[in-house]
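*Asks:* If you scroll down you'll find the structure; I have some questions about it.
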Amino acid sequence: MDDAHLPAVQKSLFWALVPRRNGEALPGVRALHNKVQKIIAECDPLGRPLDEGEQASTRPADGRPAEQRRVYSQSLPDSPVTTLTAVLTDAEAEEFTTILDAVCRKLTCSRADGLMHLARGTTDVSVTLNLFRDPDSPVAATENGTWLDAVATEDSMERISALRVIGHGATESYTPTEAMTAFVRGRDGTCRFPGCDVPALDCDLDHVKRFLTDNTGGPTSTENLHCLCRRHHIMKTMGWFDVTLSGEGTEIWSSGDDGHIYMTEPHGPLAKYARSTHRIRSDRRRATLREHNRLRLERLDEFAEALDAARHEEVPF
């Protein structure tokens, strides 16, 4: 990127990497990559690094070079098997694999068989792809945590079929609602176990405090749900680790054998919307009060001006 954007990127990187709490575990490689990707996309869209497998091209083809969509076919001599390789952007690959896996689940088949069903048109599936976007940000993130560039964001926004403002929620059943699931995945970004990089889309939604039907356990709410990969979900269920989740998304993990304590922060695109500390609530109240008083003073000034104008207006006799 050019020198003009370096100060803004360096400042954003500093605040993205500095720990918010003592004992906070370092983010995993994937979480760090997503943070840097978002910062560069916001500060210098033209300086965004190439995605893995993406080739540089200066040809304007609706913002997406043809090289990104190339499909390679390779057959070994005297072999009945052909290997197909498709080079896609991260967002397109995520969309493709989500649809393909939905076909495989529906038909209980392999990915190779599912691909043939898609090619032949012998299957019909409905897939919901969630896209997260901060109203103040020019870029959006996929459910798998990939931050899109400006062109891909606009292309995706044109395909939006439903818009939802999501936040904290709860339900009486064991299974969270679709909106709750989207919020928790968008908040966490990855598995919440310290240092784990498994994407939230591939994780289980686990009750931090075990759900019990006799109302003695934890509720099914966004403040009692988090994303755990299958491995760490099993470890928590077996009692190897204890975890508590605060209302702002911070988790405190303690090891059952040596007593070590680790803290993790959410790294998803909705992480900041999960935080609701006393300071944040105070700042919101302060901002609301200041806006109220600003409008009140403006109305008083308008009234004073109107009164002064009425006093000096000439009244005909």
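The values are calculated or read from the model by the stated rules, or taken from the named source; none is laboratory data. This one's a predicted model, so the numbers in the text were calculated from it and none came from an experiment. With ideal geometry, Cβ positions are generated from the backbone for all residues, glycine too; neighbour counts draw on all protein chains shown.
*Asks:* Can you report the number of residues in the range 186-204 which are basic (Lys, Arg) and touching a strand residue (DSSP E or B) at 6+ places or on another chain (Cβ under 6 Å)?
*Replies:* Of the residues in the range 186-204, 1 are basic (Lys, Arg) and touching a strand residue (DSSP E or B) at 6+ places or on another chain (Cβ under 6 Å).
*Asks:* Would you pick out the residues in the range 161-181 that are modelled with pLDDT of 85 or more and in contact with a strand residue (DSSP E or B) (Cβ under 8 Å, 6 or more places away or on another chain)?
*Replies:* Within the range 161-181, Gly169, Ala170, Thr171, Glu172, Ser173, Tyr174, Thr175, Pro176, Thr177, Met180, Thr181 qualify.
*Asks:* Also, quick follow-up: Could you list, in sequence order, all residues of the range 119-133 that are touching a residue at least 12 places away in the same chain (Cβ under 8 Å) and among the basic types (Lys, Arg)?
*Replies:* Arg133
*Asks:* Let me ask you something else. Looking only at the range 114-130, count how many residues are farther than 24 Å from Ser161 by Cβ and loosely packed, with under 11 Cβ neighbours inside 10 Å.
*Replies:* 3
*Asks:* Within the bounds of the range 159-168, is there any residue that is within 18 Å of Glu95 (Cβ to Cβ) and among the hydroxyl-bearing types (Ser, Thr, Tyr)?
*Replies:* Within the range 159-168, the subset within 18 Å of Glu95 (Cβ to Cβ) is 159-162.
Right, trim to among the hydroxyl-bearing types (Ser, Thr, Tyr) and you get 161.
Looking through the range 159-168, at least one residue is within 18 Å of Glu95 (Cβ to Cβ) and among the hydroxyl-bearing types (Ser, Thr, Tyr).
*Asks:* Within the range 130-173, track down each residue that is farther than 18 Å from Gly268 by Cα, in contact with a Ser or Thr (Cβ under 8 Å, 6 or more places away or on another chain) and of a type in the set (A, V, I, L, M, F, W, C).
*Replies:* If the condition is that a residue be farther than 18 Å from Gly268 by Cα, in contact with a Ser or Thr (Cβ under 8 Å, 6 or more places away or on another chain) and of a type in the set (A, V, I, L, M, F, W, C), then Ala152, Ala170 are the ones that fit.
*Asks:* Specify the residue that is farthest from Gly247 (Cα to Cα); the eligible residues are those in the range 178-223 that are surrounded by 15 or more Cβ atoms within 10 Å (Cβ to Cβ) and of a type in the set (Ser, Thr, Tyr).
*Replies:* Residue satisfying both the conditions and the ranking: Thr190.
*Asks:* Sticking with this one: For the range 142-167, how many residues meet the condition of being exposed (fewer than 15 other Cβ atoms within 10 Å of the Cβ) and under 14 Å from Arg187 (Cα atoms)?
*Replies:* Residues flagged as exposed (fewer than 15 other Cβ atoms within 10 Å of the Cβ) and under 14 Å from Arg187 (Cα atoms) within the range 142-167 amount to 2.
*Asks:* Additional query: Out of the range 83-121, which residues are among the hydroxyl-bearing types (Ser, Thr, Tyr) and either under 18 Å from Arg159 (Cβ atoms) or in the same structural domain as Thr177 (by TED's automatic domain parsing) (or both)?
*Replies:* Across the range 83-121, the qualifying residues are Thr89, Thr97, Thr98.
*Asks:* Return the residues of the range 145-195 that are more than 30 Å from Pro45 (Cβ to Cβ), within 17 Å of the chain's Cα centre (by Cα) and among the acidic types (Asp, Glu); say none if nothing qualifies.
*Replies:* Selection gives Glu178 alone.
*Asks:* Could you list all residues from the range 124-148 that are touching a Pro at 6+ places or on another chain (Cβ under 6 Å) and outside any strand (DSSP E or B)? Step through it out loud before you land on a result.
*Replies:* Taking the range 124-148 and keeping what is touching a Pro at 6+ places or on another chain (Cβ under 6 Å), we get 132, 141, 144-145.
Once the filter is applied, which keeps residues that are touching a Pro at 6+ places or on another chain (Cβ under 6 Å) and outside any strand (DSSP E or B), the range 124-148 yields Asn144, Gly145.
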